[in-house]
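Below is one structure, written out as structure tokens; the observations come after it.
The values are calculated or read from the model by the stated rules, or taken from the named source; none is laboratory data. None of these values were measured; they are calculated from a predicted model. Counting neighbours? That spans all protein chains shown, and the Cβs are built from the backbone with ideal geometry, glycine included.
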Amino acid sequence: MKEREENIIEAAIRLFMRYGVKRTSMNDIAAEAGIARQTLYNAFSNKDAVLQATIRLLADRAMVGIEAGLQKTDNLGDQLDVVFKHIAIDPFDLLDASPNSEDIVAGFNASSQSELAAAAARNKAVISRIMKPFESEIEKNGLTLDQFADFLERSASAAKYNAGSRKHLLSLLAVLKVAALKVAAGA
């Protein structure tokens, strides 16, 4: 992503957080980014394109964080903590900081669903990779590695939207981690 586009997305994030997706216009984004409206339209054809790019940028940053964190540990529990931090806790904290979190989530329309799905697929691939050494134990529990990675990714992602508080989210993720470690141990 070009620096100019990233600056535009940063401006959009600030506005989405402050006012929500619905109440943020392309004019607002251009003004916040300090660029002409035409410059914004040269980079992004409409607000849906900005929203898609925002999701992609946040997902890319999460993946960078995951990979950096995974390089620092080979312990499965710690690896799960890294993944859960970046796919559930950090996004929860970001949304929780906005008075318009419901509008932001509702703003993820059909066009942004493909970006969310792509991010989920990348998260699932990372989870599969860290769970791969435990594949035989996972299979002893009647699951495939792919099924289990999909379950862990979807459960962690769902937790960030359904938790009533950060404490509740951490509790849900702790249960998910214990379950993953038990399955990986062949219990």
Among the numbered criteria (1) at pLDDT below 95; (2) in contact with a Lys or Arg (Cβ under 8 Å, 6 or more places away or on another chain); (3) over 21 Å from Gly20 (Cβ atoms), which single criterion is violated by Gly107? (3)
I'd like to check something: does region 160-167 contain any residue that is out of contact with any strand residue (DSSP E or B) (no Cβ under 7 Å at 6 or more places or on another chain), closer than 23 Å to Asn75 by Cβ and at pLDDT 95 or above? no
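Let's see how each residue does on (1) part of a helix (DSSP H, G or I); (2) modelled with pLDDT of 95 or more; (3) touching a strand residue (DSSP E or B) at 6+ places or on another chain (Cβ under 9 Å):
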position: Ser114; (1), (2), (3): yes, no, no
position: Asn123; (1), (2), (3): yes, yes, no
position: Met131; (1), (2), (3): yes, yes, no
position: Ser171; (1), (2), (3): yes, yes, no
position: Leu176; (1), (2), (3): yes, yes, no
position: Leu181; (1), (2), (3): yes, yes, no
position: Gly186; (1), (2), (3): no, no, no
What about Asp81, is it touching a residue at least 24 places away in the same chain (Cβ under 8 Å), closer than 20 Å to Glu115 by Cα and either among the acidic types (Asp, Glu) or not in a helix (DSSP H, G or I) (or both)? no
Looking at Ala30, Ala36, Ala88, Ala62 in this structure, which one is over 30 Å from Ala185 (Cα atoms) and crowded, with 17+ Cβ neighbours inside 10 Å? Ala30
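To keep it simple, each residue is scored yes or no on (1) assigned to a loop (DSSP other than H, G, I, E, B); (2) under 22 Å from Lys124 (Cβ atoms); (3) in contact with a Pro (Cβ under 6 Å, 6 or more places away or on another chain).
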site	(1), (2), (3)
Glu6	no, no, no
Arg18	no, no, no
Val21	yes, no, no
Thr24	yes, no, no
Ile29	no, no, no
Ala68	no, yes, no
Do the conditions hold for Phe92, that is, is it at pLDDT 90 or above, of a type in the set (Phe, Trp, Tyr) and in a helix (DSSP H, G or I)? yes
Give me the pairs, please: first residue somewhere in region 1-17 and within 14 Å of Ile55 (Cα to Cα), second residue anywhere and among the acidic types (Asp, Glu), beta-carbon distance under 6 Å, and either six or more positions apart or on two chains. Ala11/Glu32
